[in-house]
1. Quickly estimate the mean residue ellipticity at 222 nm for the chain, helices only: each DSSP H run with n ≥ 4 gives -39500 (n - 2.57), and the total goes over all residues, rounded to 500.
2. Can you bin every Cα-Cα distance in segment 1-58 into 10 Å intervals starting at zero and give me the percent of pairs per bin, rounded to whole numbers?
3. Would you please give the residues with an amide H less than 5 Å from that of Glu84, counting only those at least 5 places away or on a separate chain, with H modeled from the backbone geometry?
4. Distance in nm between label sites at Ala41 and Met91, each 7 Å beyond Cα in the beta-carbon direction?
5. What FRET efficiency do you get for Ala82 and Asp124 if R0 is 41 Å and r is their Cβ-Cβ distance, rounded to the nearest 0.05?
6. Expressed in nm to one decimal, what extension gain is obtained for the pair Asn5 and His210 from 0.36 nm per residue of sequence separation less their Cα-Cα distance?
7. Starting from a Cα-only point model with no solvent, please compute log10 I(q)/I(0) by Debye for the chain at q = 0.10, 0.17 1/Å.
8. Could you tell me how many degrees, from 0 to 90 and to the nearest 10, lie between the Cα long axis of helix 16-27 and the main elongation axis, the longest principal axis, of the Cα atoms of the chain?
Amino acid sequence: MRIRNSVALVTGANRGLGRHLAAQLVERGAAKVYAAARDTATIDLPGVVPLRLDITDPDDVARAAEVAGDVTLLVNNAGIGARESVLTGDMARIRAFMDTNYYGTLNMLRAFAPILTRNGAAADGAGVLNVLSTASWLHLAAQGGYSASKTAGLALTDAVREELRPDGVLVTGLFVAFMDTDMAARVPADAKIDPAIVAARALDGVESGHEEVLADPQTAAVKATLSMPGPVPIPVLP
């Protein structure tokens, strides 16, 4: 799909990767960019339309779909994560991972799929960009709760892609390891990639019609080893 003249909605657009995605969509000539966050006061990007949105609240999502009924590109970036064992970790936090990273994304997809199908038919196509992770494939004990939610997000992405493909809606999964954002604050700097680079590669992938974007060398290396015998090289967590 074409980004120029598209209408995009980015969740979690107030910081980190989401902020870079929203900014670069504006730079690439999107006609309108809804920058969504729970608190619109935290959105300071010029050229965007702030949109209050809690993706875990179905009523909030329904209101957003009414306001942003012209969307042609949905970017599901909002997510949370931390180290939490599935056996000994806090159950409330583990549920929060799933509520946000899986059910929140599902809320958005169910609300906006009809909008994307309708608008894409009258424009230069429509698309969905789901922000995933190497944790969708690698299930480390220390971050088991987060990994489970991102693996569910991967399954969701694959299923929605199959369902929307006949309607001409591109569904792209973005896979990335460690980015230089608040979520990876404890990770050494040389093990992280600039989120601005990730955003650029993600949007390049959408414009090129790719269904999968591997944002960094570590992610590509992990993906390449999944079908090989022997242990998968896993990143060292702090």
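1. Values: 7 runs with 90 residues, N = 238.
That comes out to -12000 deg cm²/dmol.
2. Reading upward from the zero bin: 28, 54, 17, 1.
3. Gln143, Gly144, Gly145, Tyr146
4. 3.5
5. 0.60
6. Length gained, Asn5 through His210: 71.9 nm.
7. After summing over all Cα pairs, the log10 values are -0.43, -1.29.
8. The angle comes out near 30 degrees.
Laboratory data are not the source of any read-out in this text; all were calculated from the coordinates shown. This structure is a prediction, so every number in the text was calculated from the model and none was measured. Neighbour counts run over all protein chains shown; Cβ positions are idealised from the backbone, glycine included.
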